[in-house]
1. In the range 293-302, which residue that is at pLDDT 95 or above and part of a loop (DSSP other than H, G, I, E, B) is farthest from residue 112 (Cα to Cα)?
2. Confirm whether residue 114 is assigned to a loop (DSSP other than H, G, I, E, B) and within 16 Å of the ligand (Cβ to nearest atom).
3. Do we have any residue at all in the range 90-97 that's surrounded by fewer than 21 Cβ atoms within 10 Å (Cβ to Cβ), within 15 Å of the ligand (Cβ to nearest atom) and part of a strand (DSSP E or B)?
4. Restricting to the range 66-79, and then to whatever is buried (at least 21 other Cβ atoms within 10 Å of the Cβ) and farther than 29 Å from residue 318 by Cα, can you tell me which residue is farthest from the ligand (Cβ to nearest atom)?
5. Quick check: anything in the range 188-211 within 15 Å of the ligand (Cβ to nearest atom), within 12 Å of the chain's Cα centre (by Cα) and part of a helix (DSSP H, G or I)?
6. Have a look at 308, 315 and point out the one that is assigned to a strand (DSSP E or B) and surrounded by fewer than 17 Cβ atoms within 10 Å (Cβ to Cβ).
7. Residue by residue through the range 174-187, note down the ones that are part of a helix (DSSP H, G or I), touching a strand residue (DSSP E or B) at 6+ places or on another chain (Cβ under 6 Å) and within 16 Å of the ligand (Cβ to nearest atom).
8. Please give the number of the condition residue 120 fails out of (1) under 21 Å from residue 51 (Cα atoms); (2) more than 15 Å from the chain's Cα centre (by Cα); (3) part of a loop (DSSP other than H, G, I, E, B).
Ligand SMILES: [Zn+2]
């Protein structure tokens with residue numbers, strides 16, 4: 001009986017079946033001036049569109065492969081030119097379509113740290129910016145939660161906020177770059193733009209509101225708290241994913257896909273990443289030692305990376321590629337915060353104390369570099 005029903009269903013909805021293997025973008029009209037495009041199904045992240053007398057402005061542009069589909073959806077609504085793209089951050093599922101829309105004439109706006117991601121932007125902004133467009137003052141605030149180049153973007157007329165991946169209602173959290181501190185600051189920044197009527201669009205999942213975001217903050221705090229308790233007991237990520245309480249907390253995050261499961265591998269990875277961002281052993285690096293490492297380093301396999309210090313923290317970054325925090329473990333050894341098992345060790349000339357270079361692993365592969373210049 002059940003099988004017959006399924007067969008009948010498939011017959012009746014075969015057009016949907018075709019689109020199930022080839023996902024389509026779902027469009028939601030917020031007002032005559034504002035639309036939201038749902039990613040998902042491998043298309044990329046959610047995107048937004050402001051339309052008005054100045055033209056079209058997009059928030060995020062899905063992947064490079066799906067940007068033409070997004071453009072086709074836009075053209076069903078308006079033939080006005082796409083003037084600007086603002087990225088919530090530089091990840092490929094949000095900013096992969098930048099080049100496509102740049103070729104269509106758009107100016108790409110990104111946070112300046114996106115320079116150290118695969119995304120390219122024409123205008124790089126710092127901590128905050130505003131843009132007068134279509135009769136409103138669009139505002140953006142820089143936070144560091146999911147990446148070093150996150151931006152919370154606010155459109156006052158339609159009272160709508162884009163959080164990028166600093167918020168989701170379909171997964172346990174994937175905000176790691178600055179651990180719980182960064183995640184909570186990002187939530188505060190989004191709530192700072194919000195009232196009870198605000199539409200909040202997460203990077204992935206369905207549209208939400210301030211109470212959904214506050215609930216996310218509670219769930220996040222429970223997630224961190226439980227992982228801390230289990231970590232204090234000496235448990236690994238693989239052991240933690242069998243903890244009933246943590247499983248219950250995990251399920252709370254699935255607001256949109258209630259009853260769905262998070263794949264075990266993904267669950268363990270998210271727990272491991274939380275451990276790797278929030279529960280890395282900290283070694284108190286003396287200031288003079290920290291000041292010795294910044295500089296320009298040439299990688300053995302080609303390319304140049306930079307070590308720099310900011311707010312008493314050390315970072316490693318490469319243009320067009322990556323930016324990571326170095327978590328000191330000893331005078332010379334650093335774990336790459338967030339990147340699980342990756343770490344580097346600086347080589348120091350024992351006689352002169354000069355830093356020669358470093359070696360270790362990054363993104364799971366070997367890396368070695370020679371210092372070629374001071375900052
Ligand atoms: Zn994303």
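The values are calculated or read from the model by the stated rules, or taken from the named source; none is laboratory data. Nothing here was measured: the structure is a model prediction, and the numbers come from that model. No Cβ is skipped: glycine too gets one built from the backbone with ideal geometry, and neighbour counts run over all protein chains shown.
1. Ranking the qualifying residues of the range 293-302, first place goes to 300.
2. no
3. No, every residue in the range 90-97 fails to be surrounded by fewer than 21 Cβ atoms within 10 Å (Cβ to Cβ), within 15 Å of the ligand (Cβ to nearest atom) and part of a strand (DSSP E or B).
4. Among them, the one singled out is 74.
5. no
6. 308
7. 186
8. Against the list (1) under 21 Å from residue 51 (Cα atoms); (2) more than 15 Å from the chain's Cα centre (by Cα); (3) part of a loop (DSSP other than H, G, I, E, B), residue 120 comes up short only on (1).
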